[in-house]
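Here the structure is laid out as structure tokens; the discussion comes afterwards.
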Amino acid sequence: MLKVVWSELSLQRIEEICEYIEMDSINASIEFANKIFGKEELLKSNPKIGRIVPDYGNEEYRQIIIGNYRLVYRLIGKLILIHTVRHCKQNGIIE
């Protein structure tokens, strides 16, 4: 079975995004976090569901679009490493 690991950067970004959303709505912030973390099971069952990140061009790096955000992850054998969560308007994936 595949294992999903969330990088420190990805968790930090999720926290920042949730804090920003929370300024308008606590419920929307919770809903966003649930959507993001809910993708873990989807990735475990179908790790190649995300499309290749176009601005990186490496098949190991994939992304899932969630609203205005993209969850960027990398397949490493039986490991799915969640690199970051970024606004779709931001370029690049490596920080």
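A compact table of results
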| item | result |
| --- | --- |
| Enumeration of residues in the range 8-58 that are closer than 15 Å to residue 87 by Cβ and among the aromatic types (Phe, Trp, Tyr) | 20, 32 |
| Answer from 56, 73 - the residue that is of a type in the set (Phe, Trp, Tyr), surrounded by fewer than 19 Cβ atoms within 10 Å (Cβ to Cβ), touching a residue at least 12 places away in the same chain (Cβ under 8 Å) and not in a helix (DSSP H, G or I) | 56 |
| Test: residue 10 is at pLDDT 95 or above, among the small types (Gly, Ala, Ser), more than 10 Å from the chain's Cα centre (by Cα) and in a helix (DSSP H, G or I) | no |
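The values are calculated or read from the model by the stated rules, or taken from the named source; none is laboratory data. Computed from a prediction, not measured in an experiment: that's the story for all the values here. Positions of Cβ are generated from backbone atoms using ideal geometry, with glycine treated the same way; all protein chains shown enter the neighbour counts.
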